[in-house]
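Undergrad: Once you've had a glance at the structure underneath, I'll fire off some questions.
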Amino acid sequence: MGVEMRAQPMAGDTPASVLPRALRLLEQFSDRRRALTLSELSRRSGLAPATVFRLLGHLTDWGALERLPSGQYVVGVRLWEIASLAPRGNGLRQVALPYLEDLYEVTRHHVLLTVVDRGDGVLIDRLSGRAATEVAYRVGGRMPLRSTAGGRVLLAYSNPGFVESVLAAPADTEPGMPVIGADETRRVLADARRQGAAVVRRSAPSKTVAVAAPIFDRSGEIAAALSIVVPGSNTRVHAFIALVRTSARTISRSLGAPT
């Protein structure tokens with residue numbers, strides 16, 4: 001069907017009208033929906049099947065999507081290739097990776113690197129051992145800001161306007177995490193700023209303690225959060241706070257952050 005899918009643009013199509021619809025198709029893919037059919041994409045996006053058919057032709061020709069023998073569509077390698085050039089992703093990761101590896105070697109637990117994107121955190125790297133406890137997030141996946149250690153650090157050092165926009169949205173409802181209101185979240189963020197770290201305990205998907213500290217860029221702005229996730233029974237939380245803060249400060253210096 002590769003030849004058939006090279007559909008011609010319909011009358012009235014312009015880049016300004018095609019691009020938003022193409023992006024609407026791409027955003028239908030997620031952790032739980034990695035492969036979708038034309039009809040599923042039409043139903044989920046609200047676009048007419050004929051429009052979806054035409055857009056899928058353009059997207060597969062370019063390489064943003066790939067068509068499986070089953071007729072389903074998956075995200076294409078070329079889209080990943082372009083995304084890997086993001087300076088807040090791969091560039092930051094390259095600077096931070098040696099220190100993430102050092103922290104992992106010392107602890108042998110999950111080490112995470114998270115950046116903020118709109119109202120969420122995005123995990124851009126994770127080092128994990130086979131014996132490490134279960135965690136809920138994958139590299140490239142989104143995580144809530146209000147109920148994760150990395151997210152709270154990112155919020156704690158963000159501008160007040162952004163913080164209030166996040167607090168105005170519905171509170172996170174995650175398995176194993178109590179829902180806290182906006183006022184309690186403000187107190188938690190103030191504690192994170194005072195301590196230079198955030199600590200979050202959760203009971204699902206497994207009992208864990210997450211410790212996160214901020215990484216700053218050369219302008220002194222928050223660039224990322226460095227986190228470690230350890231089993232909930234571990235009592236060395238204060239030791240882990242010191243380790244994560246030290247590693248985060250070292251990465252900040254490597255990024256040119258003011259001391």
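The values are calculated or read from the model by the stated rules, or taken from the named source; none is laboratory data. If you're wondering where the values come from, they're calculated on a predicted model, not measured in any experiment. FYI the Cβ positions are ideal-geometry reconstructions off the backbone, even for glycines, and counts take in every protein chain you see. Accessible surface is based on the protein model in full, side chains and every heavy atom, while ligands, DNA and RNA are left aside. Shrake-Rupley method; radii C 1.70, N 1.55, O 1.52, S 1.80 Å.
Undergrad: Most fluctuating residue of Ala96, Ala239, Ala248 in a GNM of the chain with Cα springs under 10 Å: which is it?
TA: Ala239
Undergrad: Okay, moving on. Roughly to the nearest percent, how much of the accessible area of the range 216-259 is carbon and sulfur, given a 1.4 Å probe?
TA: 51 percent
Undergrad: Quick one, what does Rg over Rh come out to for the chain if you take C-alpha atoms and the Kirkwood Rh?
TA: Rounded to two decimals, Rg over Rh is 1.04.
Undergrad: Could you check the simple spin-label distance between Asp102 and Glu40, using points 7 Å along Cα→Cβ, in nm with one decimal?
TA: 4.4 nm
Undergrad: Starting from the Cα of Thr259, step 7 Å along the direction of its Cβ; do the same at Arg236; then give the gap between the two resulting points in nm.
TA: Placing both labels 7 Å along Cα→Cβ, they lie 2.8 nm apart.
Undergrad: Scan the chain and hand back the longest stretch that contains none of the GluC sites (Glu not before Pro) lying in DSSP loops with at most 15 other Cβ atoms within 10 Å.
TA: Formally, the longest exposed-site-free interval is 28-133.
Undergrad: Working with all protein chains in place, sort Tyr99, Tyr104 by solvent-accessible area computed with a 1.4 Å probe, largest first.
TA: From most exposed to least exposed: Tyr99, Tyr104.
Undergrad: Give me the net charge of Arg193's neighbourhood, meaning all other residues with Cβ under 13 Å from the Cβ of Arg193; Lys, Arg count +1, Asp, Glu -1.
TA: +4
Undergrad: Shifting gears a bit: As an exercise, use a Förster radius of 30 Å and the Cβ-Cβ distance of Gln195 and Arg130 to find the FRET efficiency, rounded to the nearest 0.05.
TA: Result of the calculation: an efficiency of 0.45.
Undergrad: Oh, and also: I'd like the projected area of the range 190-259, averaged over all directions, using the convex hull of its alpha carbons. Report it in nm² with one decimal.
TA: 4.9 nm²
Undergrad: Additional query: Please work out the FRET efficiency for the pair Ala50 and Ile82, using the Cβ-Cβ distance as r and a Förster radius of 30 Å; give the result to the nearest 0.05.
TA: 0.65
Undergrad: Let me ask another. Per the helix-only calculation at 222 nm, which mean residue ellipticity applies to the chain, given -39500 (n - 2.57) for every DSSP H run of n ≥ 4 and division by its residues, nearest 500 deg cm²/dmol?
TA: Result for the chain: -12500 deg cm²/dmol, rounded to the nearest 500.
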